[in-house]
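Take a look at the structure set out below.
The values are calculated or read from the model by the stated rules, or taken from the named source; none is laboratory data. Computed from a prediction, not measured in an experiment: that's the story for all the values here. Neighbour counts are summed over all protein chains in view; Cβ atoms, including those assigned to glycine, are modelled from backbone coordinates with ideal geometry. These area figures cover heavy atoms from the full protein model, side chains too; ligands, DNA and RNA do not enter into them. Shrake-Rupley method; radii C 1.70, N 1.55, O 1.52, S 1.80 Å.
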Amino acid sequence: QSTVGAYAGQSWAMNDPALGTSGGYLDHWYQVLDSPTVTLPSGQTNTITFQQNRNVEGLGTSGNYNGWDGTNIRISADRGDTWTVLSDVSPAYNASSMYSFGSEFGEGEGVPGWGGSSNGWQAVSVTIPSTYDSQDVIIRFAFASDPSYNTNDQVNMFGWLVDDIDIA
């Protein structure tokens, strides 16, 4: 947790506070924040809401990838053995295939996420598919960087901050 650039008091920071002007990150990073196990009720719409502030490498194209460093939200119903990216998000992911997750960490093409900057704090809403109703799940906030551009190249890129998380 960090107070630097926090939303309210302290925020969850996916960065190293010793880098850059407000924390930062290096090449080949894969950092996650996992929720405790939550049992989702059935018969209602289950959602995740939170505040995010990110400043990571901007979007770009390489082959079938249209994003470099990025963040996304995932879910696991098997105690973290496997993860599925949640795609019903608002605001929508701005990349449909992140190089950092796909090529750098071997998850393959088509892993969506947010890249670039959110330009300050931004409210996010995620709808959890009803296929997870009545299951014990873990929610993951994931951040990955590629091997070639980081805070040492652009000192104001601080990574990803999340706060005010509600799984309801």
Item checked: Output for segment 129-156, where each listed residue is within 15 Å of the chain's Cα centre (by Cα) and either at pLDDT below 95 or not basic (Lys, Arg) (or both) -> ILE138, ILE139, PHE141, ALA142, PHE143, ALA144, SER145, ASP146
Item checked: Residues of segment 129-155 satisfying the condition of being open to solvent by less than 30 Å² (accessible area, probe 1.4 Å) and in a strand (DSSP E or B) -> VAL137, ILE138, ILE139, PHE141, ALA142, PHE143, ALA144
Checklist line | Tabulated pairs, segment 2-26, first closer than 17 Å to GLN51 by Cβ, second of a type in the set (Ser, Thr, Tyr) and modelled with pLDDT of 95 or more, C-beta under 6 angstrom, 6+ apart or interchain | finding: ASN15/TYR25
Margin query: Could you check segment 69-124 and list, in sequence order, the residues that are on the phi > 0 side of the Ramachandran plot and of a type in the set (S, T, N, Q)?
Written below: ASN119
Next item on the list: Please name all residue pairs, on different chains or six or more residues apart, with Cβ atoms under 6 Å, provided the first residue is in segment 52-66 and is within 19 Å of SER90 (Cα to Cα) and part of a strand (DSSP E or B) and the second residue is open to solvent by 40 Å² or more (accessible area, probe 1.4 Å) and not basic (Lys, Arg).
Entry: GLN52/GLN122; ASN53/TRP121; ASN55/SER117
Check: Hey, does segment 101-108 have a residue that's open to solvent by less than 40 Å² (accessible area, probe 1.4 Å) and free of Cβ contacts under 8 Å to residues at least 12 places away in the same chain?
Finding: yes
Note to self: Of everything in segment 95-111, what is under 24 Å from SER11 (Cα atoms) and not hydrophobic (A, V, I, L, M, F, W, C)? Give them in sequence order.
What the structure shows: SER100
Check: Any idea which of ARG79, ARG54 is of a type outside the set (Val, Ile, Thr) and surrounded by 15 or more Cβ atoms within 10 Å (Cβ to Cβ)?
Finding: ARG54
Margin query: Condition first: out of contact with any strand residue (DSSP E or B) (no Cβ under 8 Å at 6 or more places or on another chain), open to solvent by less than 50 Å² (accessible area, probe 1.4 Å), hydrophobic (A, V, I, L, M, F, W, C) and part of a loop (DSSP other than H, G, I, E, B). Can you find one or more residues in segment 10-23 that meet it?
Written below: yes
Note to self: Just checking, does segment 85-93 include any residue being open to solvent by less than 50 Å² (accessible area, probe 1.4 Å), over 22 Å from HIS28 (Cα atoms), of a type in the set (A, V, I, L, M, F, W, C) and at pLDDT 95 or above?
What the structure shows: yes
Margin query: Quick check on this structure: which one of GLY60, GLY120 is out of contact with any Ser or Thr (no Cβ under 9 Å at 6 or more places or on another chain), modelled with pLDDT under 95 and surrounded by fewer than 19 Cβ atoms within 10 Å (Cβ to Cβ)?
Written below: GLY60
Margin query: I'm told SER103 meets every condition in (1) in a loop (DSSP other than H, G, I, E, B); (2) polar (S, T, N, Q); (3) farther than 15 Å from ARG140 by Cβ except one. Can you identify the failing condition by its number?
Written below: (1)
